[in-house]
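Taking it in order: structure first as structure tokens, then the write-up.
The values are calculated or read from the model by the stated rules, or taken from the named source; none is laboratory data. What you are looking at is a predicted structure, and each value in this text was computed from that prediction instead of being measured. As a convention, Cβ positions derive from the backbone with ideal geometry for all residues, glycine included, and neighbour counts pool all protein chains shown.
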Amino acid sequence: MPMPSAVKRVSDTVWEIPVSYKEGMLVPARIYATEKLMKEMDDGVFEQVTNVACLPGIVKYAYCMPDGHWGYGFPIGGVAAMDAKTGVISPGGIGFDINCGMRLVLTNLTYDEVKPRLREIVDALFHRIPAGVGCTGFVKLTQDGFRDVLRKGALWCLHNGYAWKEDLELTEEKGCFEGADPSTVSNKAIERGFDQVGTLGSGNHYCEIQVAKPENVFDGETARAFGFTIPNQVAVMFHCGSRGFGHQVATDYLQLFLSVMEKKYGIKVLDRELACAPFNSPEGQDYFSAMKCAVNMAFANRQVILHRVREVFSEVFNRSAEDLGMDMVYDVTHNTAKLERHLVDGKEREVLVHRKGATRAFGPGMEGVPEAYRETGQPVIIGGSMETGSYLLAGVATGADSFYSTAHGSGRTMSRHQAKRTYRGERLKRDMEIRGIYVRSDSWGGLAEEAGAAYKDIDEVVEATELAGLSRRVIKLVPIGNIKG
């Protein structure tokens, strides 16, 4: 369907759908986008974001970020805050890949130093970091040992030799959501996840070698504060989450919520994919705990992958990871629900912020931002396609309007099936190599799904977040090597 006629333009980058648009809407819906991105927004976004606006306890607005597109329940790029006392929690507002997130790691190497060894590095990463559907990791855990990971997240990695202390300081929530109770997780979820720590998985997950070219630095002072101090400095970015474990957690609780939502709590939703339960109900609290388990699994997963990345670079360059300057910039989550305190109608309230395909972007001076970044604001990592590049941004004070949330990636414009019909993985790999990007993948079909043309223009998405006052550009990072599932 075309853009609904009820959509009103609030500013150059803010569009609003009033509560009169759909029966049951409790708050207006807001979409952040330039006019061009708004015209390209897929039809499902308007339907889904206004359905979200009907959820009990929602405050201010139902939001969609500039990279928004149709998802499960919420649009991907959806944000909604529920009153902590009267609101609901919805797996559809968090996603199946709980804490799918981004991690960015520095090196003190330049492109000229890495280029001659690029194929060697990418091949080694491909062999050292399992990728693809159903892959298993090198960390051998019993199911009880895995439950310990679920409680501790990245702290488990520190205790077991897979992390530096500084890594945890530069991870959102220091790499652990407190209150994770493995007893709220099904045995089936444990069975799916206990052997997947340290794995990329498939889909849009990747590990990428990138370069910060001088012409792509937008804010030199903040770039230096984030660790980028050398022209053409090489960094490593990777994107993955809680794998099959998080998917099973979401599946289990969606089924539970569907069984109790209306019969027990009298809640009706416009879309079964928005199945929910009161946040303070036994079912809501159990899901919140299980979600935290999946969040912590994903933190540990990315931390173990970082350990492998450091091993590979150390072996290839015959220097320690410390000597190579392989410090973290930051690790950010997508696909979570978090209790936060925000101003709502002029009063500070505790709200449960659902971010589904959206990134937290706290501004300067805010509690929860690492001390190293208190003046700059939180680093924000927005992944683009393997052909076009990614961005490092910073949170800004004006982000309060969206509960300090921003975009998380490019956002798909083409379905995976359509991409596979349109592109061939083998040809895409050859074309990318001609352009200086060496890629290894577990699947030709999986590679075709991730063609750059299947995504929105990352430059336009990021520019929209800046114009809307959600986050500001610091550096664009261009890819030179990539491994994918």
Could you list all residues from region 383-427 that are under 13 Å from ASN204 (Cα atoms) and within 13 Å of the chain's Cα centre (by Cα)? GLY383, GLY384, HIS408, GLY409, SER410, GLY411
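Test GLY220 against the stated conditions and say whether it is touching a residue at least 40 places away in the same chain (Cβ under 8 Å) and assigned by TED's automatic domain parsing to the domain that holds LYS140. Before the answer, list the steps.
Values: touching a residue at least 40 places away in the same chain (Cβ under 8 Å): no; assigned by TED's automatic domain parsing to the domain that holds LYS140: yes.
Criteria not met by GLY220.
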How do the strands (runs of 3 or more DSSP E) wholly within region 346-397 filter down when requiring 1 or more residues that are aromatic (Phe, Trp, Tyr) and buried (at least 24 other Cβ atoms within 10 Å of the Cβ): which remain? 390-395
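Identify the residue in region 4-22 that is out of contact with any helix residue (DSSP H, G or I) (no Cβ under 7 Å at 6 or more places or on another chain) and assigned to a loop (DSSP other than H, G, I, E, B) and, among all such residues, is surrounded by the fewest Cβ atoms within 10 Å (Cβ to Cβ).
If we filter region 4-22 for residues that are out of contact with any helix residue (DSSP H, G or I) (no Cβ under 7 Å at 6 or more places or on another chain), which is where we start, we get 5, 7-11, 14, 16, 18-20.
Filter again for assigned to a loop (DSSP other than H, G, I, E, B), leaving 5, 7, 10-11, 18.
Numbers: SER5: 7, VAL7: 18, VAL10: 12, SER11: 11, PRO18: 15.
Checking each candidate, the answer is SER5.
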Run down VAL474, VAL461 and say which single residue is under 20 Å from GLY68 (Cβ atoms), touching a residue at least 24 places away in the same chain (Cβ under 8 Å), crowded, with 18+ Cβ neighbours inside 10 Å and β-branched (Val, Ile, Thr). VAL461
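Report whether or not MET25 is over 18 Å from ARG355 (Cα atoms), in contact with a helix residue (DSSP H, G or I) (Cβ under 8 Å, 6 or more places away or on another chain) and surrounded by 19 or more Cβ atoms within 10 Å (Cβ to Cβ). Steps first, please.
On the way: over 18 Å from ARG355 (Cα atoms): yes; in contact with a helix residue (DSSP H, G or I) (Cβ under 8 Å, 6 or more places away or on another chain): yes; surrounded by 19 or more Cβ atoms within 10 Å (Cβ to Cβ): yes.
Spelling it out, MET25 is indeed over 18 Å from ARG355 (Cα atoms), in contact with a helix residue (DSSP H, G or I) (Cβ under 8 Å, 6 or more places away or on another chain) and surrounded by 19 or more Cβ atoms within 10 Å (Cβ to Cβ).
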Can you pull out every residue in region 257-266 that is under 29 Å from the mean Cα position of the chain (by Cα) and either part of a loop (DSSP other than H, G, I, E, B) or of a type in the set (Gly, Ala, Ser) (or both)? MET261
Here the residues within region 409-434 that are over 28 Å from VAL332 (Cβ atoms) and assigned to a loop (DSSP other than H, G, I, E, B) are TYR423, ARG424
Inter-residue pairs, beta-carbon under 7 Å, first over 20 Å from GLU449 (Cβ atoms) and in contact (Cβ under 8 Å) with a residue 40 or more places away in the chain and in region 120-145, second part of a loop (DSSP other than H, G, I, E, B) and among the aromatic types (Phe, Trp, Tyr), 6+ apart: LEU141/PHE194; GLN143/PHE194
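Condition check ((1) in a helix (DSSP H, G or I); (2) at pLDDT below 95; (3) acidic (Asp, Glu)) across all residues:
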position	(1), (2), (3)
ASP112	yes, no, yes
ARG117	yes, no, no
ILE121	yes, no, no
PHE138	no, yes, no
LEU141	no, no, no
ARG147	yes, no, no
So, LYS60, is that one of a type in the set (D, E, K, R), closer than 30 Å to ASN280 by Cβ, touching a residue at least 60 places away in the same chain (Cβ under 8 Å) and in a loop (DSSP other than H, G, I, E, B) or not? no
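Take region 63-90 and flag every residue that is outside any strand (DSSP E or B) and farther than 25 Å from LYS174 by Cβ. Walk me through how you get there before you give the answer.
First, the residues of region 63-90 that are outside any strand (DSSP E or B): 70-75, 84-87, 90.
Across region 63-90, the qualifying residues are TRP70, GLY71, TYR72, GLY73, PHE74, PRO75, LYS85, THR86, GLY87, SER90.
Residues are listed down the side, and each one gets a yes or a no for (1) outside the structural domain of LEU306 (by TED's automatic domain parsing); (2) crowded, with 23+ Cβ neighbours inside 10 Å; (3) at pLDDT below 95; (4) on the phi < 0 side of the Ramachandran plot:
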position	(1), (2), (3), (4)
SER90	yes, yes, no, yes
GLY132	no, no, yes, no
ASP144	no, no, no, yes
LEU168	no, no, no, yes
If you take the residues of region 176-194 that are assigned to a helix (DSSP H, G or I) and of a type in the set (Gly, Ala, Ser), which of them is nearest to VAL149 (Cα to Cα)? GLY193
